[in-house]
Structure formats: C-alpha cells, structure tokens
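Visitor: Take a look at this one; I'll ask things after.
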Amino acid sequence: MSTSYSYFCPCPRGMEDALAEELKEIAEKSKTLAIHQTIPGGVHCSGMIEDCWLINLYSRIASRVLLRIAQSSYKSEEDIYRLAVKQPWESWFDVQNTLRIDITAIKSPLKSLNFTTLRIKDGVIDRFRSQNGIRPSINTHAPDIRIAGFLDAHNVTLYLDTSGEALFKRGWRLETGDAPLRENLAAGLLRISGWKPGIPLLDPMCGSGTILIEAARMMMGIPPGYKRSFSFEKLSNFDAAKWKALKDAVKVNPVPDNPMIYGSDISGDMLTMTRHNLQEAGVPFDIPLHQIEAQEIKMPVDKPGIILTNPPYGERIGVRGNRNLEADELASQFYQALGTTLKQRFPNWSVFLFTADLSVPKMLRLKEARKTPFYNGPIECRLFRFDMVAGSNRPRQSRTFRSEDQK
C-alpha cells in the first residue's frame, strides 16, 4: 500500500501565491498530489513519494521540497534530541550516506541554534549506532542526505530535504555576473508580470541572461530540473525505473518561428556570458542580443509587450557613463533618461523593474501602477509595474521602432 507524505515547499518571500498557483498546475499531472495551506515563506502540500519527484522536476519557483518526518512541541534542546533519536532514519537512507543538518528558526527561545543543530545530528547518529553499531559521516559541503529542522516558538519539525542542492540551481549555470538573479526568483517574476509565450519580452539590462533563459525554457516546456540530480535519488525508496518514466514523459514544445524574446546590456562581457549561458541551458533558438545603454533602447517589435528587468547598481550603470559623477547622481541621470525613453518609445507596454532601490519611480519620474514587495535572499526588494500610456508622452514625430533600428 502506498504511503502519503506531507511536504513543505519553501520559496522566495513574496512568491508564495505564485508558487501555490504553479503547484496546482503541477498537480494536474498527478492523481495524488494535493495543495494545502500557503504560509509566509512557502506552501504545504501532500502526496505519494513520486509527487515530490514531480515537484522537484517541474517547479520553477520552489526553493526546495521538504518531506516532513516528525513534529512535536519542545522546551529544550534535549526535547529536540529525543525527537530526532526515535525516528527510523535507517528506513530512509543507508549508514554509508553522508549527512548535513540545517536549522531555520522563527521566535525560538533557544539560545544557540548551533548547539541545537548538534543535538539533531547526535540524535540521528545515535539512532544508527543503536541499530547496527556504526554511524553515518557528516559532510557539510556535498552531502548525500540533508536533514532540515524548523523551530518556531513552541514546535520543532524535522524534514528530509528531497532536493539536495537548492532548486534554483538548474544544472546549467557556469557563469554569473556580480549579483545574479536567482533562477526561481526570475521565474516567479515572469509569472507575476503576466508574461506568457507569444507576448513580446525585453530585458534591457539582462546581465548574465537569467530572465531570458527562464522565459525561453518556459516557452519550450523544458522542466527546470531536467538536467540535474536530486537527493531523493539517494533515498532507500527511490525507484530508478519510475523516475526514468517520469522524465521520459516530458514533452518539449516545438521550436517557435518567432519567439519574440529580446535582450540587451551595456556590457559586452555580460552579453558574451549570456550567449554562453543560453547554450548551456539548452535554448534551441536565437535570442537577439544588443550591446546598448538601457536608456537608448527601442521597441524590438511593432506590438505591445513586457519589459522585465533587474537593474544593476552603481558601476554597471556607469560602464560607459561619466566617471566624474557621484554614484547617486549617475543613477539619477540614468533613470531620468530611461523614464523618458520608456514614455516616448514604448506605448502600451507594461514595464516591470525589480530592485532594492525604492526611489526608482521618483528617479524615473513615473508613477507606478503597482509595487509588490519581495525578498532576494535577505534583501527587501520591490517589483514596480509601470503602464506606458500611448499618446500624451509620445514625441510629435513618433514612429514605430523595429528590430532593425537596433543594429
């Protein structure tokens, strides 16, 4: 008889509703995956063991898929140790597998999370030692098995991390810029922007190309986990034949005649990196890339679309700028010029800027239609939406800017 398990899928803060929507779409591929409560930081769901494989393979937004092993109240580290030592870890993985323990806490009264981590480790190791006299080894760098503990003010939950490496690591990225946008955050921003294949998409500050690559892989229907391995492959209940059948069932879309995905950046080195990353990510069609300052961009196609970008900071903005200007003045001049370009050259486009700089709308001299808070790791950010209205802001001698104008 098959067993149903409880899962928790964490995600970047602010992406919870987008993840829940995505998980409901993934659940259409399964008769047993059920989506439950959305809470700050992620989504609860349940299903068979194969359902966690399915989420790991297909979710573009989740950070991990955690399988709940046990939960109880606690008052001290010893309560947590006792919970860990009584779990049948030997039924989940072999003593030869290496381990890593991670803990997250919110409002926990315990003074040392490091000590609490050690007590969970001791509980797991003592469990194995009591069963067969030998213990698993710890490997914090590249473990076979990750155990996650979550503490709130009153309860502790122990999870097996079925993903291993975080899910934003798709298995293709070899090169990044200084502060690359994580892949799952880029995928979430694309979903929240309302972009779908067939809508023109432009990233005028594309950096290493993360937004472009996520959009292209969405267009092709390439599952984000298709090229990588997962921790669940090391678990005792892993069925390699079933996993192969799940991957063999993937149907990639035909290459589109006109993808209408476009990128540009001020840095030629970044565009070289983007081209390399596109190739590594298995994108089978050409994405036009232009080396151009963002405030000089023009419409790449003669119909409205979406601009989605994560503007860089300081130095990248001023790669070919005036080095004599202070960073704040440089940014102000850049955004003012960009705002003018957007008003004059992008009628009826929706513009989404993802940034930690909350003064961007003021510098652009544009009123945002919406601002949504998100976190990029620990950094609080906003996704600003600006709707470009045709007519009032366009120059008198206006015309449509086609892709050949960018050459």
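The values are calculated or read from the model by the stated rules, or taken from the named source; none is laboratory data. No experiment lies behind these values; they were computed from the predicted model shown. When we count neighbours, we look across all protein chains shown, and the Cβ atoms used for this are built from the backbone with ideal geometry, even at glycine. We work out accessible area using only protein heavy atoms, side chains counted, and drop any ligands, DNA or RNA first. Shrake-Rupley method; radii C 1.70, N 1.55, O 1.52, S 1.80 Å.
Visitor: Using only Cα atoms, locate the centre of segment 33-73 and the centre of segment 265-302, then give the distance between them in Å, rounded to an integer.
Guide: Taking the Cα centre of each part, segment 33-73 and segment 265-302 sit 35 Å apart.
Visitor: Next question. Tell me, what % of the accessible area of the chain is carbon and sulfur with a 1.4 angstrom probe? Please list the in-between numbers first.
Guide: Working: 9150 of 19240 Å².
On the chain, the fraction of accessible area on carbon and sulfur atoms equals 48 percent.
Visitor: While we're on this one: If contacts are Cα pairs under 8 angstrom and at least 6 residues apart, what is the relative contact order of segment 184-249 in percent? Please list the in-between numbers first.
Guide: On the way: 21 pairs, mean separation 17.2, N = 66.
It comes to 26 percent, rounded to a whole number.
Visitor: Within segment 1-26, whose backbone N sits under 12 Å from a point 7 Å along Cα→Cβ of residue 39?
Guide: Only 7-10 pass the distance filter.
Visitor: For 257, 144, what's the largest-to-smallest order of accessible area, 1.4 Å probe?
Guide: 257, 144
Visitor: Among rounded, prolate and oblate, which fits segment 101-156 when a ≥ b ≥ c are the square roots of the eigenvalues of its C-alpha gyration tensor, a/c under 1.5 means rounded, and a/b larger than b/c means prolate? It would help to have the intermediate numbers written out before the result.
Guide: On the way: a/c = 2.66, a/b = 1.76, b/c = 1.52.
Since a/c reaches 1.5 and a/b is larger than b/c, the shape of segment 101-156 is classed as prolate.
Visitor: Continuing with the same structure: Starting from segment 217-278, pick out the trypsin sites (Lys or Arg not before Pro) whose DSSP state is loop and whose Cβ has at most 13 other Cβ atoms within 10 Å. Working shown, then result.
Guide: On the way: sites: 217, 227, 228, 234, 242, 244, 247, 251, 275; in loops: 227, 228, 251.
Hits after loop and neighbour filter: 227, 251.
Visitor: Please say if the chain is rounded, prolate or oblate, where rounded means a/c under 1.5 for a ≥ b ≥ c the square roots of the C-alpha gyration tensor eigenvalues, and otherwise the choice is prolate for a/b larger than b/c and oblate otherwise?
Guide: Working: a/c = 2.42, a/b = 1.90, b/c = 1.27.
Taking the square roots of the gyration eigenvalues as a ≥ b ≥ c, the chain is prolate.
Visitor: To continue, here is another question. Please state the shape class of segment 38-142: rounded when a/c is under 1.5, otherwise prolate if a/b exceeds b/c and oblate if not, all from the C-alpha gyration tensor. Could the numbers behind the result be given before it?
Guide: Numbers: a/c = 1.85, a/b = 1.22, b/c = 1.51.
Oblate.
Visitor: Then there's this: Quote the relative contact order of segment 109-188 in percent (integer), defining contacts as alpha-carbon pairs under 8 Å separated by 6+ residues. Present the calculation step by step, with values, prior to reporting the outcome.
Guide: Details: 38 pairs, mean separation 12.6, N = 80.
Contact order relative to length: 16 percent.
Visitor: With contacts defined as alpha carbon pairs under 8 Å and 6 or more residues apart, what's the relative contact order of the chain in percent?
Guide: On the way: 803 pairs, mean separation 57.6, N = 407.
That works out to 14 percent.
Visitor: Moving on. Out of all DSSP beta bridges with both ends in the chain, state the antiparallel percent to the nearest 5.
Guide: 65 percent
Visitor: Are there any GluC sites (Glu not before Pro) in segment 25-124 that are in a DSSP loop and have at most 11 other Cβ atoms within 10 Å? List them by number. Intermediate results must be reported in sequence, preceding the final value.
Guide: Values: sites: 25, 28, 50, 77, 78, 90; in loops: 28.
Sparse-neighbourhood loop GluC sites (Glu not before Pro): 28.
Visitor: So with the 1.4 Å probe, I'd like the accessible area per residue for segment 1-130, rounded to whole Å². Write out the running numbers ahead of the final one.
Guide: Working: 6220 Å² over 130 residues.
Dividing the accessible area of segment 1-130 by its residue count gives 48 Å².
Visitor: Working from the pairwise distances between different alpha carbons, so that the mean of 1/r is found and then inverted, what is segment 57-207's Kirkwood radius in Å? Mind showing how you got there, number by number?
Guide: Details: mean 1/r = 0.0563 Å⁻¹.
Kirkwood hydrodynamic radius for segment 57-207: 17.8 Å.
Visitor: Using Cα positions and a limit of under 20 Å, work out the aspartates and glutamates in reach of residue 298, with same-chain residues fewer than 8 apart set aside.
Guide: Within the straight-line cut-off, residue 298 pairs with 203, 265, 286, 387, 404, 405.
Visitor: Please report the net charge: other residues with Cβ closer than 9 Å to the Cβ of residue 38, K and R +1, D and E -1. Could you put the intermediate results ahead of the total?
Guide: Working: positive: none; negative: 16, 17.
Local charge sum for residue 38: -2.
Visitor: Rank 151, 39, 206 by how far each Cα sits towards the positive end of the charge dipole of the chain (+1 on Lys, Arg Cβ; -1 on Asp, Glu Cβ) and give me just the farthest.
Guide: Among 151, 39, 206, the one farthest towards the positive end of the dipole of the chain is 39.
Visitor: With runs of 4+ DSSP H residues as the only contributors, calculate the mean residue ellipticity of the chain at 222 nm using -39,500 (n - 2.57) per run, divided by the residue total and rounded to the nearest 500.
Guide: Values: 10 runs with 119 residues, N = 407.
-9000 deg cm²/dmol, from helical runs alone.
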